[in-house]
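Below is one structure, written out as structure tokens; comments come after it.
The values are calculated or read from the model by the stated rules, or taken from the named source; none is laboratory data. All values reported here derive from a predicted model rather than from experimental measurement. Here the Cβ positions follow ideal geometry from the backbone for every residue, glycine too, while neighbour counts run over all protein chains shown. Accessible surface areas use protein heavy atoms only, side chains included; no ligands, DNA or RNA. Shrake-Rupley method; radii C 1.70, N 1.55, O 1.52, S 1.80 Å.
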Amino acid sequence: MNVVWCVCRFTLSNKGAVQLDYNWQVLMENFTPTIQRAVTFISEGDRPESRVDVVDTQYIPFTVTPEFGTIAAGKKANFTVKFSPLDTNDYEGRLVCT
């Protein structure tokens, strides 16, 4: 279970005359994941179980919701960015909307 350290909320307004499709990405430059997860293999028969620690390459401590969608012309949408680190490293990310 992740502990959320920081939550930021913001609103994006579509002041245009057409709908706005969006897709958020969190970019983390110079970031190497260090979070490891234990994977346990249980075999049948006489072999004992084995455990391997693997680096979770999908781990990013920032999330934005909703991640993608559409804002109708003249409407607004609310977004939430959460910072939920699994360790005590310093993190810096850039939120990019396309």
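Within the range 1-27, the residues that satisfy the criterion of being small (Gly, Ala, Ser) and either at pLDDT below 95 or closer than 12 Å to residue 76 by Cα (or both) are 13, 16. In the range 63-94, of all residues being of a type in the set (D, E, K, R) and within 29 Å of residue 14 (Cβ to Cβ), the one that is farthest from the chain's Cα centre (by Cα) corresponds to 75.
If you go through the range 57-87 and pick out every residue that is open to solvent by 30 Å² or more (accessible area, probe 1.4 Å), on the phi < 0 side of the Ramachandran plot, assigned to a loop (DSSP other than H, G, I, E, B) and not charged (D, E, K, R), you end up with 7. Only one of the numbered conditions (1) of a type in the set (D, E, K, R); (2) surrounded by 12 or more Cβ atoms within 10 Å (Cβ to Cβ); (3) at pLDDT below 80 is not met by residue 37, and that is (2).
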